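Quick notes on the structure that follows.
The values are calculated or read from the model by the stated rules, or taken from the named source; none is laboratory data. Quantities reported herein were computed from a predicted structural model and do not represent experimental measurements. Cβ coordinates were reconstructed from backbone atoms using ideal geometry, including for glycine residues, and neighbour counts include every protein chain displayed. The protein model used for the area step is the full one, side chains on, heavy atoms only, and it has no ligands, DNA or RNA in it. Shrake-Rupley method; radii C 1.70, N 1.55, O 1.52, S 1.80 Å.
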Amino acid sequence: MMKRLTNISVLVGLFLLLATACSKEDDQPTSDPNSNTVEVDSEFSNLLIRTSDQNNNEPIDCLDFVYPINFFIYNSSQEQIGTQTVNNDTELLSFLLSLESGTYIEIDFPINVILKDGSAVEVNSNAELVTLITDCSSNGGNTIPNDFESILTSGSWYLTYFFDDEDETSDFGGYEFTFATDNSAQATNGTNTINGNWNLTTSSTPDLELFFGNNDPFDELDEDWDIIEATQDIIKLKHISGGDGSVDYLTFERTPTTGGGGNGDTAGFINTLTNDIWYVNLLEDDGTNETCDYVAYEFDFNSDETVVATSANNTINGTWTVTNSSSGLDLLLNFEITGENDPFDDLNDDWDVSNFNSESIELIDVSGGNGGTDYLNFGRNPYEDCNGGGNTENLEIILIDGQWFVQSYIDDGDDETNDYNGYTFTFNTDGTAVAQSNGNTVNGTWSVVTSGSGLDLVLNFEIDNENDPFDDLNDDWDVEQFTDVLVDLKDVSGGDGSTDLLTFAKL
């Protein structure tokens, strides 16, 4: 499905500036605007800069990109080193912010855009894209309401987005802004009040000049802001530095952004999420602590919005998305599941980000049905206090229901799965277990218990001699992961520390 970019006023500036600074140079530099590879300081490159320049009175908010968009990635030697597909505004922002100096990108045309009148246009080159941008800008792509001053001075406003090289929205959390008809302005959080002033320039497309003094952080707002959008409910502003060409964005809305530590810091949260490995430190589902269902897994959130949860003998794939809603930041998780009892299904939700820093991420979800509240916390270290927190009853029901076979058995690195080929395993309600093949039957017992590491599956099969392969199954196995059709087990020897991995799959 094609998706439209909803925050084009923010991302198109990033897109164009990065296209200028990071686009692939040809082996023979050219200033031909019809070339799809852009040379730094070329005529086309300069046109892109002018399109976003503060001297252009028409900001670029008159078209939307249609996703997905593909990019070719090159190194400084003009060698292609990869490709990237972006499917939404979060992916595009994450991709652009991840580019390093000396890396170059090129758009894979054709792409599609939606003009402000709703019409769809196919774009086949850089030249066509620039033509569309310049045409729609010059034709009134951004119209400032005649009653802008009345909109600004009526009621209160809250700063819901401020980007100055990085997201600094949280610096203004809790402040209520008012703009008076005498051109005075004020920001107050109840205990602290910052006085300032505002003014509209007299150009054909007015700019909003703000001044809130010389003290940090309010001095960051002291700029001549281009008005991107203005309605009764939202005012979006942009400022392009006359020095380094960096772009700042400022948004006011009628209601404050809430959501605890999220603070609307999308870029900061994504950088934290995608940096290094995470572990589930808490999952409380309607008052039940289910943390131990995930104790064996490392979670790796990738910048392409995929996530991989990996244990010693299992891998769960999924996707993630960060959005900025009225409640603050949301983290949407969607893991692949097998069966209705798969514990990863409990992670699949739209989680409110209540707090985050470099060492922890705290999430909360309030059910729209029974109003129950779930809590999910990620930390940098594995959870170590399961104390029998696994669900023995669920695992017992799953094992009893049907027949199983050994899908994999790794004994200290050696694959010995073939020792159990042809055997079907039955786990009976009375605690007995039977392994049967065409010519042999092996009896035993089984039980599910809790331990300091979570759930354990205790197996004890009858053996004929010391070389009987079923002797290798006789152990107290840590339950790493289980679903309706799969049970992953691990045992670390108390002697030499070797690790054995055993997986049962349902027939």
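Can you send over the solvent-accessible area of THR483, 1.4 Å probe, protein chains only, in Å² to the nearest 10?
10
When the solvent-accessible surface of protein heavy atoms is calculated with a 1.4 angstrom probe, in what order do VAL485, VAL434 fall, highest first?
Ranked list, largest accessible area first: VAL485, VAL434.
How much net charge surrounds ASP456 when only the other residues with a Cβ under 10 Å from the Cβ of ASP456 are counted, with Lys and Arg +1 and Asp and Glu -1?
Net charge around ASP456: -4.
Roughly speaking, what is the stretch gain from ASN199 to ILE463, that is 0.36 nm per residue apart minus the C-alpha to C-alpha distance, in nm to one decimal?
Gain in length upon complete extension: 86.1 nm.
Dipole size in debye (nearest 20) for segment 143-188 around its Cα centre, Lys and Arg Cβ +1, Asp and Glu Cβ -1?
300
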